[in-house]
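The values are calculated or read from the model by the stated rules, or taken from the named source; none is laboratory data. Bear in mind that the values here come from a model prediction, so they are computed numbers and not experimental data. Because the Cβ atoms are built from the backbone with ideal geometry, glycine has one as well, and the counts that use them run over all protein chains shown. Remember, those area values only see protein heavy atoms, side chains included, never the ligands or the DNA or RNA. Shrake-Rupley method; radii C 1.70, N 1.55, O 1.52, S 1.80 Å.
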Amino acid sequence: VPYADMERMAARVRSAMEAVIGGKRKLPPVPRYTAASRPTVVGGVFRGSVRWPDGRNEERPIFFNGFGHFGQVVADMEKWPGYGVNVIQVEFGPSSVFPSEGVVDDAAVRHMREVLDRAQKAGVAVCLLISPHYFPGWALEKWPELRKRREGFLGYCLHAPEGQELLKRFIRTALPPLAHHPALHSICLSNEPVNVEEPCEAGRRLWIEWLERRHGTVETMNRRWGTNYRTIDEVPLPDPFGPRPDERVWVDYVRFNQEFFAGWHRMLADTIHEIAPDLPVHAKAMTWTFVNDGDISRYGVDATLFASFSQINGNDSVNLYSFGEGEFAQSWVMNAMGHKLQRSVLDAPVFNTENHLISDRDTRYVPASHIRTALWQAAIYGQGATTIWVWERTFDPRSDFAGSIMHRPECAEAVGIVNHDLNRAAE
């Protein structure tokens, strides 16, 4: 199938070039992002410096479309302008910088600086995911109370001050050499964040403080809950892995969890802004955790609260090809709902930093029209930037990279063409 894709691509390009050379067709001029300076967020769009083919520079709205998320996007940096791509996402986390207690290794930071230098030269923006889920193993040995049963990538107690202090130290160590680089587009604070954690002592103290602020007195709390506690201090922290308490208690716990989780992200954001006040931040929150009933009550992710620490509407969303099944040609509804909700609570562009357009390990043919439609549809609903999952190739059918967009030439071509069309029409 890739060979057939490339045969069709070559025929199209040959036909277009012959028409241009023969004077029968003019190619539309495309403004290209220069990476000379970091784009700014102005209302619902990114604005920045672009260069037209005739050499003119101009400040105007910019759409960013590209790929993530590992080594291949960096290896192919110099190819991206030819592919029509102008953004990538990469990551490193605390375990790289703090490999053992008392040791600081700046290799990941130096490598990231080199990536940014190459990106600026190529005209590519870079979103850095600071990956707090890469937590040092030695820290869990030192503070075994951080080992808690959890769901998701964040595999340690988030309530404990020891973990929070380590994350702040990581940011203060790793970010200063990178924070003011023109090619650094923004910081992604977390990967697919959810907060489902068994009760811990630090969390219980926060819960008691929250209940005191919420209800004021034990009498008021008992009246609202229909309980008979003697003091607020004796109220247990609900266990999301255990039997659900009375709905009145559960509603309070859900809100406590949402406010804590947004506050945990705000702690990361505030630490970044100590170093670089104008550096935009966002989180890679999965759109279904914003809108699905069961997910809202379980995962601690609230769109309005996440907007409160963000300068960009970050998310991780899905729009898959339907292969002729169902009502629509693609599963566009969740994408549109999530984008619309986020744009309604924060007047800023959406950055889908893990855009799932092709199912992992699905090797069926996906037409390029699916990619074109998905990117246009998302832009209409407020998406100003996206990095598509995933620019890696493998022939291991069990790998998450199997069937990726890097295996699909016409789909990859469509990303660059749509990016150019969106930027021509950006105004």
Exercise. Does residue 133 satisfy the criteria of being in a loop (DSSP other than H, G, I, E, B), over 18 Å from the mean Cα position of the chain (by Cα) and surrounded by 18 or more Cβ atoms within 10 Å (Cβ to Cβ)?
Worked result: no
Seminar exercise, completed: Scanning segment 375-427 residue by residue, those open to solvent by 30 Å² or more (accessible area, probe 1.4 Å), assigned to a helix (DSSP H, G or I) and within 26 Å of residue 361 (Cα to Cα) turn out to be 376, 377, 407, 413, 417
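Let's see how each residue does on (1) more than 24 Å from residue 153 (Cα to Cα); (2) open to solvent by 30 Å² or more (accessible area, probe 1.4 Å); (3) in contact with a helix residue (DSSP H, G or I) (Cβ under 7 Å, 6 or more places away or on another chain):
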position: 61; (1), (2), (3): yes, no, no
position: 65; (1), (2), (3): yes, no, yes
position: 71; (1), (2), (3): no, yes, no
position: 82; (1), (2), (3): yes, yes, no
position: 88; (1), (2), (3): no, no, yes
position: 91; (1), (2), (3): no, yes, no
position: 113; (1), (2), (3): yes, yes, no
position: 117; (1), (2), (3): yes, yes, no
For this session: Select, from 316, 302, the only residue that is in contact (Cβ under 8 Å) with a residue 24 or more places away in the chain and either open to solvent by less than 20 Å² (accessible area, probe 1.4 Å) or among the hydroxyl-bearing types (Ser, Thr, Tyr) (or both).
Result: 316
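Could you tell me whether residue 208 is of a type in the set (Val, Ile, Thr), within 25 Å of residue 91 (Cβ to Cβ) and part of a helix (DSSP H, G or I)? Outline the logic, then answer.
Working: of a type in the set (Val, Ile, Thr): yes; within 25 Å of residue 91 (Cβ to Cβ): no; part of a helix (DSSP H, G or I): yes.
So residue 208 fails the test.
State all residues of segment 255-293 that are in a loop (DSSP other than H, G, I, E, B) and crowded, with 23+ Cβ neighbours inside 10 Å; if no residue qualifies, say none. Quick ask: steps written out before the conclusion?
So in segment 255-293, the residues in a loop (DSSP other than H, G, I, E, B) come out as 276-280, 285, 287, 292.
Selection gives 280, 285, 287.
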Problem set entry | Criterion violated by residue 296 - all others in (1) closer than 25 Å to residue 197 by Cα; (2) open to solvent by less than 50 Å² (accessible area, probe 1.4 Å) satisfied | (2)
Exercise. Can you name the condition, by its number, that residue 201 falls short on among (1) surrounded by 15 or more Cβ atoms within 10 Å (Cβ to Cβ); (2) touching a His at 6+ places or on another chain (Cβ under 9 Å); (3) more than 24 Å from residue 274 (Cβ to Cβ)?
Worked result: (1)
For this session: For segment 369-427, name all the residues that are at positive phi and among the charged types (D, E, K, R).
Result: none
Exercise. If you scan segment 174-192, which residues turn out to be outside any loop (DSSP other than H, G, I, E, B) and closer than 14 Å to residue 134 by Cβ?
Worked result: 174, 188, 189, 190, 191
For this session: Report whether or not residue 328 is at pLDDT 95 or above, of a type outside the set (Val, Ile, Thr) and buried (at least 16 other Cβ atoms within 10 Å of the Cβ).
Result: no
For this session: Give me the pairs, please: first residue somewhere in segment 31-43 and more than 10 Å from residue 57 (Cβ to Cβ) and in a strand (DSSP E or B), second residue anywhere and aliphatic (A, V, I, L, M) and open to solvent by less than 60 Å² (accessible area, probe 1.4 Å), beta-carbon distance under 7 Å, and either six or more positions apart or on two chains.
Result: 32/50; 33/50; 33/62; 33/125; 41/312; 41/348
Seminar exercise, completed: Selection from segment 209-250 of residues of a type outside the set (Phe, Trp, Tyr), surrounded by 15 or more Cβ atoms within 10 Å (Cβ to Cβ) and within 23 Å of residue 165 (Cβ to Cβ) yields 237
For this session: Select from segment 18-38 the residues that are open to solvent by 50 Å² or more (accessible area, probe 1.4 Å), farther than 28 Å from residue 118 by Cβ and of a type in the set (Gly, Ala, Ser) and list them in ascending order.
Result: 22, 23
